[in-house]
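Notes for the one structure printed next.
The values are calculated or read from the model by the stated rules, or taken from the named source; none is laboratory data. All figures in this text were calculated on a predicted structure; none of them were measured in a lab. Quick reminder, even Gly has a Cβ in these numbers, built from the backbone with ideal geometry, and neighbours come from all protein chains shown.
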Amino acid sequence: MRIILASNNKGKLRELKEMLSELDIEVMSQAEAGLDLDVEETGSTFAENALLKARAACEASGGAAVGDDSGLMVDALGGEPGIYSARYGGGLSDEGKCKLLLNNLKSVKQRDAKFVSSIACVFPTGEVITAEGECRGEISLEMRGENGFGYDPIFYIRELGRTMAELSAEEKNAISHRGRALAVFKEKLKRFTEEIG
């Protein structure tokens, strides 16, 4: 079976390939499949946006496609930046978004937050597989760490006493929202492929 990732993000492609490596599945980016899609994320949830991307790639390619959407939700900000995590502050760099969020929380003591990842896989037959994962933590008082990207330098994991950007790739994959979502997705996909034989 071949699955197209509705993205050209090399990191996401590598993670998906690694996670599905023991299954008999070829994973490729939309560019490798000859697609040039830029799906407008009009959903009101991560799950809806993941499904929009997967459906668009499935329809354009005629094959199975995976879409994902993820972001940061801060309790004290009513769940923001949420589905707008990538566009928070309008065109800011990752560092700029982190600084804006820290500034918006400067007088806030309760800084609980979570990373959320939603994955959807759509098949030409109409079947859909979905999975979601989350990672709980809090927003630190300052940026720390050189690894990762996005909000990782300000996402503090209490149990580990470090920010996501201070973890190794292996440590991050073991506890991250995307790692957890991919693990659930892998099991569902494995059952699905066994059922269709």
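At-a-glance table
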| quantity | calculated |
| --- | --- |
| Scope the stretch 69-82; condition over 15 Å from the mean Cα position of the chain (by Cα) and either surrounded by fewer than 15 Cβ atoms within 10 Å (Cβ to Cβ) or not small (Gly, Ala, Ser) (or both); matching residues | Val74, Asp75, Leu77, Gly78, Glu80 |
| Residues satisfying the stated conditions in the stretch 12-30, i.e. within 30 Å of Met73 (Cα to Cα) and either touching a Ser or Thr at 6+ places or on another chain (Cβ under 6 Å) or modelled with pLDDT of 90 or more (or both) | Leu13, Val27, Met28, Ser29, Gln30 |
| Tally, over the stretch 147-197, of residues that are touching a helix residue (DSSP H, G or I) at 6+ places or on another chain (Cβ under 6 Å), at pLDDT 95 or above and at positive phi | 0 |
| In the stretch 147-187, residue surrounded by the fewest Cβ atoms within 10 Å (Cβ to Cβ) [restricted to those that are in contact with a strand residue (DSSP E or B) (Cβ under 7 Å, 6 or more places away or on another chain) and hydroxyl-bearing (Ser, Thr, Tyr)] | Tyr156 |
| Qualifying position, being out of contact with any strand residue (DSSP E or B) (no Cβ under 6 Å at 6 or more places or on another chain) and touching a residue at least 60 places away in the same chain (Cβ under 8 Å), among Glu22, Glu15 | Glu15 |
| Exclusive hit being at pLDDT 95 or above and assigned to a helix (DSSP H, G or I), set Leu101, Leu72 | Leu101 |
| Residue list for the stretch 131-159, restricted to those being under 13 Å from the mean Cα position of the chain (by Cα) and either more than 14 Å from Arg178 (Cβ to Cβ) or in a strand (DSSP E or B) (or both) | Ala131, Glu132, Gly133, Glu134, Cys135 |
| Test set (1) crowded, with 22+ Cβ neighbours inside 10 Å; (2) assigned to a helix (DSSP H, G or I) - Ser85 fails condition number | (1) |
| Of all residues making up the stretch 133-151, the number that are out of contact with any His (no Cβ under 9 Å at 6 or more places or on another chain) and farther than 18 Å from Lys106 by Cα | 7 |
| The lone exception for Leu92 - which of (1) closer than 23 Å to Ala54 by Cβ; (2) within 20 Å of the chain's Cα centre (by Cα); (3) not aromatic (Phe, Trp, Tyr) it fails | (1) |
| Where a residue in the stretch 31-43 is of a type outside the set (A, V, I, L, M) and its partner, wherever it lies, is in a loop (DSSP other than H, G, I, E, B), with Cβ under 8 Å and at least six apart | Asp36/Gln30 |
| Boolean, Thr125 is outside any helix (DSSP H, G or I), over 16 Å from Asp75 (Cβ atoms) and touching a strand residue (DSSP E or B) at 6+ places or on another chain (Cβ under 8 Å) | no |
